[in-house]
Amino acid sequence: MKRYEIRELGPAKAIREAYGDFLLEIGEDERVVVIDCDLGHSTKAAKFAERYPERYVEIGIQEQNMIGMAAGLAAVGKIPFTSTFAIFAVGRPWEQIRLSVAYSNFNVKIVATHGGIATGEDGASHQMTEDFALMGAIPGMKVLSPSDYYSAKSVLRAAYEYEGYIYVRLVRPKTPTIYPEAFPYSIGEAHLIKDGEDVAVISTGVPVHHALKAALELEGEVSVAVYDFLSVKPFDEEAVLDAARKRYGILIVEDHVFWGGLGMAVSSFLASRGISVPVRFINLGDQFGRSGKYAELYRYYGLDSEGIKAKIREMVG
């Protein structure tokens, strides 16, 4: 666990933009090949295509073939990055990811944009809210979920440097920046971005900045610690143990269904250690998302700062 005391949020930047920008940073590595499924401008992979067209493959709407091609490229020493919307990146080619990539232990980077209900108006058909469960169930799969533009770049670099298969979930909307422009990140590491004594909020992805905003606004009323789990699998056990020491327990906030999500993983870990601590959740429960603007949906499901504050007050009240 690392500590970054964050006192204010920075200007908004789209997390998915970090993907295109990072690909340009590693583009001179001739082992890097980028494969996209007809969504390069939305995923921002098209930035790589403009500079390195000979190592960019626009495969069309063929997600299973994309993964098969990536496995083949990895087999001959390339470092393939596959990208499309999260709903297509892990839902359609799950069997190919499991067998051709993971079972074969190939060095493939699966980068998905438009994760969670933050995708917004496209509705449940395009809102991937089960990806932590789908990817986390695959033996050996690493599952990373950055919370802002700068953490996305650090997470992507960690994924690039890691020798093995890995899944990175990015999102559609612009979100406030949290972290400094450049910081080292290690897979499996959580960040304590605000300390506190009463309630611990464990979160990942877009909800993190809402959790931080809630914690800052509650100062003087409730002392809230906020943990950013940039890595969903493996997760930072030290951070969970630290959170378990808070007076009123833990609140786990994620843009994902309950089953197979971060909340279930953290709860199972605490139970396995015999640690009895109140744990509450804000997530999608056992339902699909719905159509609406990102801000409207986060308000509806209680994932925004107001929903988080309400749940915290309920815990200490």
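The values are calculated or read from the model by the stated rules, or taken from the named source; none is laboratory data. Fair warning: this is a prediction, and the values are worked out from it, not measured in the lab. No Cβ is skipped: glycine too gets one built from the backbone with ideal geometry, and neighbour counts run over all protein chains shown.
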Study note, to complete from the structure: Result of the Cβ filter at 6 Å on segment 72-94, keeping first residues that are without any contact (Cβ under 8 Å) to a residue 40 or more places away in the chain and partners that are buried (at least 20 other Cβ atoms within 10 Å of the Cβ) and in a loop (DSSP other than H, G, I, E, B), at least 6 apart or interchain, is Ala74/Asn107; Ala74/Val108
Review point. Inside segment 125-171, can you point out the residues that are among the small types (Gly, Ala, Ser) and either out of contact with any strand residue (DSSP E or B) (no Cβ under 6 Å at 6 or more places or on another chain) or modelled with pLDDT under 95 (or both)?
Key: Ser125, Ala133, Ala137, Gly140, Ser151, Ala152, Ser154, Ala158, Gly164
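Considering each of Val171, Val143 in turn, give the residue that is more than 30 Å from Glu221 (Cα to Cα), assigned to a loop (DSSP other than H, G, I, E, B) and in contact with a helix residue (DSSP H, G or I) (Cβ under 6 Å, 6 or more places away or on another chain).
Working: Val143 fails: assigned to a loop (DSSP other than H, G, I, E, B).
On inspection, the qualifying residue turns out to be Val171.
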Review point. Do any residues in segment 179-206 that are at positive phi have Cβ atoms under 8 Å from those of residues that are surrounded by fewer than 18 Cβ atoms within 10 Å (Cβ to Cβ) and part of a loop (DSSP other than H, G, I, E, B), where the two are at least six apart or on different chains, and which pairs are they?
Key: Gly188/Pro234
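Looking at segment 1-43 only, could you name the residues that are of a type in the set (Lys, Arg) and within 30 Å of Ala239 (Cβ to Cβ)?
Taking segment 1-43 as the starting set, the residues that turn out to be of a type in the set (Lys, Arg) are 2-3, 7, 13, 16, 31.
Passing the criteria: Lys2, Arg3, Arg7, Lys13, Arg16.
Taking segment 267-303 only, how many residues are of a type outside the set (D, E, K, R) and over 27 Å from Pro173 (Cα atoms)?
The initial filter retains those residues of segment 267-303 that are of a type outside the set (D, E, K, R), namely 267-272, 274-279, 281-285, 287-289, 291-292, 294-295, 297-298, 300-303.
Filter once more, keeping what is over 27 Å from Pro173 (Cα atoms): 267-272, 274-279.
Here the count works out to 12.
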Review point. Is one or more of the residues making up segment 252-272 in a strand (DSSP E or B) and among the aliphatic types (A, V, I, L, M)?
Key: yes
Review point. Does any residue of segment 217-231 turn out to be at pLDDT below 95, more than 22 Å from Gly188 (Cα to Cα) and either assigned to a helix (DSSP H, G or I) or touching a Lys or Arg at 6+ places or on another chain (Cβ under 6 Å) (or both)?
Key: no
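Tell me, which residue of segment 100-127 that is of a type in the set (S, T, N, Q), touching a residue at least 60 places away in the same chain (Cβ under 8 Å) and out of contact with any Pro (no Cβ under 9 Å at 6 or more places or on another chain) is surrounded by the fewest Cβ atoms within 10 Å (Cβ to Cβ)? Walk me through how you get there before you give the answer.
Restricting attention to segment 100-127, the residues satisfying the condition of being of a type in the set (S, T, N, Q) are 100, 104-105, 107, 113, 119, 125, 127.
Still in the running and touching a residue at least 60 places away in the same chain (Cβ under 8 Å): 105, 113, 119, 127.
Still in the running and out of contact with any Pro (no Cβ under 9 Å at 6 or more places or on another chain): 105, 113, 127.
Numbers: Asn105: 12, Thr113: 26, Gln127: 27.
Applying the filter and picking the extreme gives Asn105.
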